[in-house]
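Quick note: the coordinates plus some simple rules give every number you see, no bench work behind them. This is a predicted model, so every value here is computed, not measured. Glycine gets a Cβ as well: all are built from the backbone with ideal geometry, and neighbour counts include every protein chain shown.
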Amino acid sequence: MAQKAEKQRKTQFGRYTTYGTKVDDLFEFDAHTLDEKIADFEDEISKAISEIANMVESKYSHFVPHLLGSQELLTKCNMVIEKTREKCDKLSHVLKKFEKDVDEAKDSPDSKMLVINNLLKRLKTLANIEECLSSLWVHEIVSDPLTAAEKILQLEDYTAKLQQENDSTNEIYDERILPSLKQEIFMQKSVIIAHLDTFFKNLIQFPNRERVDPSVVQMEVALDTDLSNKFTAMAKLGIMDIRMQETADVIMSQFCDRIVHAANPKSILSFRDGSTSKSGETVFVISKQVSRTEIPDPTEVFETLTSFFKEFHHIFADAMVDKSPFLIQLGMKFAPRLIDMLVKDCLTPSIPYDKHNEEKYQNLIHVAVQFYDWMKEMRYFTGEAISLEQFINNYDQIFINRRCLRIVTSARELITQQYIDLTPVGSNEDDSTETIAEFEKYSTSLQISEKDLRSAKSDQAYPKLFQFRKCTVSTSTFKLVRLLNDTLVEAAQAETPLAANRLFTTAQNLVKMFLLVAPRHHEQEISTVPQIAAIFFNNCHYILHRLMTMEIDLQHQIMSKTGMKKLNCSFVEFFAELRHLAADALELHLVQSKRQISAIIGSNDVFVGLNHEENLEVCNKVMNGCIMHIEQIANVWKEVFAETVLTRALGAIISHLLNVLAEIILAKEDITAVDAEQSAYILTSLLTRLKEITKISGKQLLHTICEESYYRLNEIILSLKGSLQDITDRWCEGKGPLAMWLKASQVKQLVRALFQNTDRRALVLSKIN
């Protein structure tokens, strides 16, 4: 026991103690006991590290006063490192002396020495951490935040390295030393970040002006001579990127957005240079009252933005962020958004819809390019911000897209307009008078001028066979056709195949839009108002006619521009649908008119008991009601329809009336002489009035537009007024006019109703077969 006690001694390391073996004692043992002594040495180092852990906890977790401001912990670490290194050096000398015996040992001392060296390495890292922390305790963060930030990063590296190293003291480091050190480092880092955050907030301030002047937004930028070091410190600590993004967002939302959308951008921005301010602050003031309904002047927008960023450049021109200019870093945060905003909200709305304004726009593009180059010179924009260049390079495509959008928008407005304003179109020339020689002179050349194409009398430039019949269309449809024609002319004159294709496709889309929108938008009026239905009918046929005739003039030019095949470069696919739309609108009113006439006549026989005044008056009222209904429709349609359409439309209604009256007479089983006489008189008067209604251009057309029903009723009237002999003569053995318009069964029924059952009637009936 005395010998063992003698081999150990008490060693003083500062105020803390540990136990260690004398270095010279190692030479008193042979090679077989050396391994055991090295293990004892390892245990002694572990005990020293445990005492260091106590000091770390006392200083950074328990905040023992006498340790907080002293270098005692660092001294302790350095003393342990020095003693350990001294023993390691002498152990290495002993190992070389007994090299042969050591190799034969059961447990290799070399592996033990490796463990001791790892312990020593970890102690050195711990000493470095303590040295950095001690310097932070006495270092003035406010005066040199960059050095403080670098030490924090260095501490984090040391801590990570200390955690990655592995030895027999892992438990001490992981549970006692590292938590205390990490907590201290985090606290020191938080202090530096808080200081730098306060600095940046004071550098660029946005004071609350609600009580002073709520109509403006104010940005104050302070004067600071050490921007680069502070910005770099913020970047190293990972907070600069966030603060720059916040600043860029405010610049975009509060300043650039208002400048780009303001009708008069120069009037809403003002600033006060730092040289005129006592505090050295530069103040930017912008008005909140920005009207977004008016289109801004793009030139003023670029000039105002230049003034704003020029003043901002004066303040931060020399500022660096970790060897990179601050303005470049800031510009990368807002440049893409600013360029997109300028392109979408400033340049694109300024693109002209017509070619004659293109020169003015090219001057604007020149101003935009100058602004773009200046921003690159000022380091706000980099080579990666290419949106503006792409916009300029794609100008033709954007111009065509906007032109097409404007065309479609205008077309929709025209299609949805009410049919109030009307325009007469077409020609009333009779194509039957056109000679072959007159037609042939058009066959060699059909060069129609643009002025003719845009005129309401454009059809007079065509042969009579191709002219549209004179009628009335809505002014909105006339303008729509003119817009359609202008679009096709632009397609034929386009400079590029892309433009020609886009414009021709837009022209086709106009027709599709009419087919889809017009019948639905005007459905109520078309179905209830005869005049609107007639106008819609004319609109459809006018568009159809112009589509067919426009192809003659422009199809070959468009084909040469677009490279389309003839089948695709046409509007043939819309012809049938336009006809069907027109026919459906007119047919609806024809059916309604027929129903109304049937309702006026009623289900009762109005031609019975006409020898009584009351019955005769009722019959005359029914006839007058039918005539008034037809007159009303005819008067409306005469102002709208072409003569050919008018005659056929009226013919359909009148034919229905005459057929209904004929069926009433033919269905009777007994007709008195008075009823026959009065019926013939009433029906004759009816036909006379109908002839007046159907007199168009001085010609009486009743017998042509209602041929079958007219002659049929006329024969019935003659039969009502005639004798059996007259009926026999007009039948003429099935070859007379009566046989042409009435069937034998109908004539027999009429004879039986008109005449009594006599041998003569029987003879006549026998001849009718």
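Miscellaneous remarks
- Per-residue Cβ neighbour counts within 10 Å put 647, 472, 306 in the sequence 306, 647, 472, beginning with the fewest.
- Checking every one of the trypsin sites (Lys or Arg not before Pro) in segment 176-237 against DSSP loop status and a limit of 15 other Cβ atoms within 10 Å picks out 209, 211.
- Computed P(r) (all Cα pairs; segment 206-393; 10 Å bins; percent): 9, 33, 35, 18, 4, 1
- With N counted as the residues of segment 608-767, its alpha-carbon radius of gyration over 2.2 N^0.38 Å works out to 1.12.
- Subtracting the Cα-Cα distance of residue 195 and residue 324 from 0.36 nm times their residue separation leaves 44.2 nm of extension gain.
- The average projected area of segment 612-682, computed from the convex hull of its Cα atoms over all directions, is 5.4 nm².
- A Cα-only calculation for segment 491-532 places Rg and Dmax at 16.0, 48 Å.
- Counting 0.36 nm for each residue step from residue 548 to residue 164 and taking away their Cα separation leaves a gain of 129.7 nm.
- Calculated FRET efficiency, residue 670 to residue 704, Cβ-Cβ distance, R0 = 30 Å: about 0.30 to the nearest 0.05.
- Relative contact order for segment 608-767: 25 percent, from Cα pairs under 8 Å spaced at least 6 residues apart, divided by residue count.
- In segment 143-273, the convex hull through the Cα atoms has an average projected area of 11.5 nm², a quarter of its surface area.
- Selection of GluC sites (Glu not before Pro), segment 283-316, meeting DSSP coil and at most 14 other Cβ within 10 Å: 294
- Computed lengthening from residue 401 to residue 229, 0.36 nm per intervening residue step minus Cα-Cα distance: 56.9 nm
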